[in-house]
Amino acid sequence: MASVGVASPAKDMILKQEASLLLALEGQAEEIMKLIMDLSGEQIKRDAKILTSMQGIGDKTVFNFLIEVGGDIKAFEHDRKLIAAAGLDPTTHESGKYKGQSTISKRGNRHLRRVIWLMTTKVIIANQVFRTYYFKRRKEGLIYKKAVLATAHKLVRVMFSMLVNQECFEPERSKINIVDYKGHTLTDTFTGHELARRLERAVRILGTVIDQTERRVLKGEKVPASEKIVSFFEDHTDIIVKGRRETEYGHKVFLSGGTSTMILGCLITRGNPADTDRYQPLLSQHKDWYGRMPRQVTADGGFASKDNLAFAKQQGVKDAVFAKRRGLSILDMAKSNWVYKKLRNFRAGIEAGISTLKWAFGLDRCTWSGWEGFKRYAWSSIVSYNLLVLARTRLASA
C-alpha cells in the first residue's frame, strides 16, 4: 500500500522548522513554569503540596489554578463563589414565557474555567473517587459535558475544603468501608451492602437538601430547579411548571398517536423542557420506528413554532397543523382551511385516549420507584392500553 501525496523539499523544510519551533516553545514553557514555582510564596507552595496529594492533579495545573485564584483561596467566601468566579455556575435563559435549557454562565475567568475543566478530566481518569462520581452521574442520565461539569463542581468543593482546612486529600475518611464486609451468611452480606447503599444515598440527598436550604433561605439565592431535591424517596423527580397552571412534580411524557387511537410514539424526558423542543424529536422517532414521516400531523398549541413547521415541511409532511396558530398562517400549515379544521378537531379527539391512559391504566401517577422504574411504568401502561385497542379492533371486525 502506498500513500498519496506531493513531494516538496520546500514543504519538508517548513515542516522541520515548525517542529523545531514547537519544541523550543515547549522548552521555554517548562523553564517559565519552573521559574514561577521557584518565585512563588510559601503559602502557594503549601497549597500546591496539599492539592497534589490528590491523585490526578499535577504541579503545572495546580500552580496555574492557584495563580488564577489570586494565590489566596480565602478571598472567596465559600466554594460557590469560586465556582461563579470561574463561570461554571448554572444559568437559564428566559424571555417572556420561553424558558431555555440550563447552561453555565461563562461570566467568570475563562482561564480559571479552562484549568478547572482540565483538572476535572484528569481526576476522572486517575482518581477513583471522582471517576466513580462521574459514572454515577452518567448513569443518572447526564450527557458527557453535564456529567463532567457536575464532577468539576465536586472537585472545586473538595479543593476549597482542602485549602481552607489545610488538609491533604483523604478519599476514605468519610466513606463507610463496607465493600469487603462479609456476614455470617450470604443473606447478611447482601443485607449489609444494601444498607450501606441506602445510607450513602440518604446522606447524599440530605446534604443536597441542607445546601439548597442554606442557599435559598439563609443567603437569599435563587436555586435553579435542576439542582433542587423535592422528594426524598424519588430524588429524580422534576419540577414541572407550565404557564399559570399549578406546579406539578414528576416527568413530562410526550405521546403521539394515529387514527387507530393506538399510542405510536413516546418520549419521557428529564427536567422541564419546552414543548416546542420535543416536536422534532417526536417526528424523528416516528420516522426511525416506522420508516417514513406521517403525511399529516396535528399537535397541541404548545408545540407551535416557525422552526417546527419548517422542519415538518422539510421532512415531507404535507399538512403540519397546530391547535394554536401563534402567528403561523393556516395555509402555511395546511393546504386549505377545511383540512386545518379537520386536523385540529382530530387532535382534540386524541385527548380521550390520553384520559383513558391516565384514569384506566394508571398513567396519572407512577407507583414504581426510581427513574428506570418510572420509564418502565409509563411504557407498561402504554403497552397495556395498545393491547386493549387491538383486542377491541379484532372483536369489532370478527
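Using a Gaussian network model of the chain in which every pair of alpha carbons under 10 angstrom is joined by a spring, one finds that among Lys49, Lys106, Lys222 the greatest mean-square fluctuation is at Lys222. Eigenvalues of the alpha-carbon gyration tensor of segment 186-227, scaled by 5 and square-rooted, set the equivalent ellipsoid semi-axes at 34, 9, 4 angstrom, largest first. Scanning the chain for long hydrophobic helices, with DSSP H runs required to stretch 20 angstrom or more by C-alpha along their axis and to average at least 0.0 on the Kyte-Doolittle scale, returns 9-39, 110-126, 144-165, 371-397. What does the charge count near Tyr249 come to, summing +1 for each Lys or Arg and -1 for each Asp or Glu among other residues with Cβ under 12 Å from its Cβ? Overall, the nearby charge balance is -2. The modelled label-to-label distance for the pair Arg216/Ala398, using points 7 Å beyond Cα in the direction of Cβ, is 5.4 nm. Counting Lys and Arg as +1 and Asp and Glu as -1 over every other residue whose Cβ lies under 12 Å from the Cβ of Arg365, the net charge comes to -2.
Listed from fewest to most Cβ neighbours within 10 Å, the set Cys366, Cys266 follows the order Cys266, Cys366. In the chain, the ratio of gyration radius to Kirkwood radius, Rg to Rh, stands at 1.07 when only Cα atoms are counted.
Answer rounded, prolate or oblate for segment 240-397, using the Cα gyration tensor with square roots of eigenvalues a ≥ b ≥ c: rounded when a/c is under 1.5, else prolate when a/b is larger than b/c, else oblate. List each step's numbers first, then the result.
Values: a/c = 1.78, a/b = 1.29, b/c = 1.38.
Verdict is oblate for segment 240-397.
Rule-based calculations on the coordinates, nothing more; no lab input. Worth saying up front: this structure is predicted, and the values here are computed from it rather than measured. Positions of Cβ are backbone-derived with ideal geometry, glycine not excepted, and every protein chain shown enters the neighbour counts.
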